[in-house]
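The values are calculated or read from the model by the stated rules, or taken from the named source; none is laboratory data. Fair warning: this is a prediction, and the values are worked out from it, not measured in the lab. Cβ: placed from backbone, ideal geometry, glycine included. Neighbour counts: every protein chain shown.
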């Protein structure tokens, strides 16, 4: 069942700014892929602003077109896709309530048999997403980021954007042996996060190793680590060099280029992906909107991956 592309044919400055200009549908039923915004940045440790990410990514995603120029995938012909809006919050300043709200929203999506593709928001939002879609057992994780996000707490809080994958691992949501963290770099005041990831058996590819290996070898390593079992894909834009994505909360120089990022994502075709997100786009720190455009383009790359996988599964069933 294909997606209605009528709005994509209109001039790109017209119409409601949904993700990729797909139809807006408030309920997930009947969809293959739901595009979702999570406008929350109450768990950042320094520069807030990612709460504005979903709205600006929607706007910049009007620049996306249908057919991928390399893979020739048209995700809208393969799958039924809609923007189902943003997660809403009942108690925005209560971390535990925020986790419940996000988990409840994604539980509804998961129970409808729909695959989520999300725009954050800070990286803390990936934890409750995993709580919703990985309830049946731990999943693999492909994590692009400058930071491992496996610290235990900050200022007494165990819920913040540097802890989601420690919480997810503790809860049995991700399999450490099937987790790969890519692009890690930047000085820290403690090695706690790096140590936790390595001690638990996660494959950590620091940026220096990424550069030495090259993108093709990193793709092969990521595919080896996660294998054929269900896997979640998460991309923090601070994994990119701030030359390409200055609008983020915790920039670290010496990062991945946008060309490397696109090549890497294209190398993940046919993996058993069950969802994906782009997080930490903070538009206030990039007034020209380039970081939001990068976020939208990464989402489109992920959308092509998800659509192809879902289409293949549908044809096999």
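Regarding residue 173, is this residue in contact with a helix residue (DSSP H, G or I) (Cβ under 9 Å, 6 or more places away or on another chain) and closer than 14 Å to residue 99 by Cβ? Full working, then the answer.
Values: in contact with a helix residue (DSSP H, G or I) (Cβ under 9 Å, 6 or more places away or on another chain): yes; closer than 14 Å to residue 99 by Cβ: yes.
Answer is yes for this residue.
Look at residue 85 and say whether it is at positive phi, at pLDDT 95 or above and either in a loop (DSSP other than H, G, I, E, B) or touching a helix residue (DSSP H, G or I) at 6+ places or on another chain (Cβ under 8 Å) (or both). Lay out the reasoning, then the answer.
Working: at positive phi: yes; at pLDDT 95 or above: yes; either in a loop (DSSP other than H, G, I, E, B) or touching a helix residue (DSSP H, G or I) at 6+ places or on another chain (Cβ under 8 Å) (or both): no.
Judged against the criteria, residue 85 is not a match.
Do you know which residues across the stretch 255-288 are part of a loop (DSSP other than H, G, I, E, B), in contact with a helix residue (DSSP H, G or I) (Cβ under 6 Å, 6 or more places away or on another chain) and on the phi > 0 side of the Ramachandran plot?
280
Select, from 229, 270, the only residue that is under 20 Å from residue 69 (Cβ atoms), at pLDDT 95 or above and more than 16 Å from the chain's Cα centre (by Cα).
Answer to the check: 270.
Restricting to the stretch 240-277, name every residue that is closer than 21 Å to residue 48 by Cα and surrounded by fewer than 17 Cβ atoms within 10 Å (Cβ to Cβ).
Matches in the stretch 240-277: 243, 253.
Among the residues of the stretch 207-236, how many are in contact with a helix residue (DSSP H, G or I) (Cβ under 6 Å, 6 or more places away or on another chain) and either touching a residue at least 60 places away in the same chain (Cβ under 8 Å) or outside any helix (DSSP H, G or I) (or both)?
Total satisfying the criteria: 3.
Every residue in the stretch 177-193 that is closer than 14 Å to residue 142 by Cβ and crowded, with 19+ Cβ neighbours inside 10 Å, please. It would help to see each step written out before you state the result.
So in the stretch 177-193, the residues closer than 14 Å to residue 142 by Cβ come out as 177-184.
Within the stretch 177-193, 178, 179, 180, 181, 182, 183, 184 meet the criteria.
Determine if the stretch 58-69 includes at least one residue that is in contact with a helix residue (DSSP H, G or I) (Cβ under 9 Å, 6 or more places away or on another chain), at pLDDT 95 or above and closer than 27 Å to residue 162 by Cβ.
yes
Output the residues belonging to the stretch 116-143 that are more than 20 Å from residue 40 (Cα to Cα) and either surrounded by 24 or more Cβ atoms within 10 Å (Cβ to Cβ) or at pLDDT below 95 (or both).
Keep residues of the stretch 116-143 that are more than 20 Å from residue 40 (Cα to Cα), which gives 134-142.
If the condition is that a residue be more than 20 Å from residue 40 (Cα to Cα) and either surrounded by 24 or more Cβ atoms within 10 Å (Cβ to Cβ) or at pLDDT below 95 (or both), then 135, 136, 137, 140, 141, 142 are the ones that fit.
If residue 76 satisfies all but one of (1) under 26 Å from residue 124 (Cα atoms); (2) crowded, with 21+ Cβ neighbours inside 10 Å, what's the number of the condition it fails?
(1)
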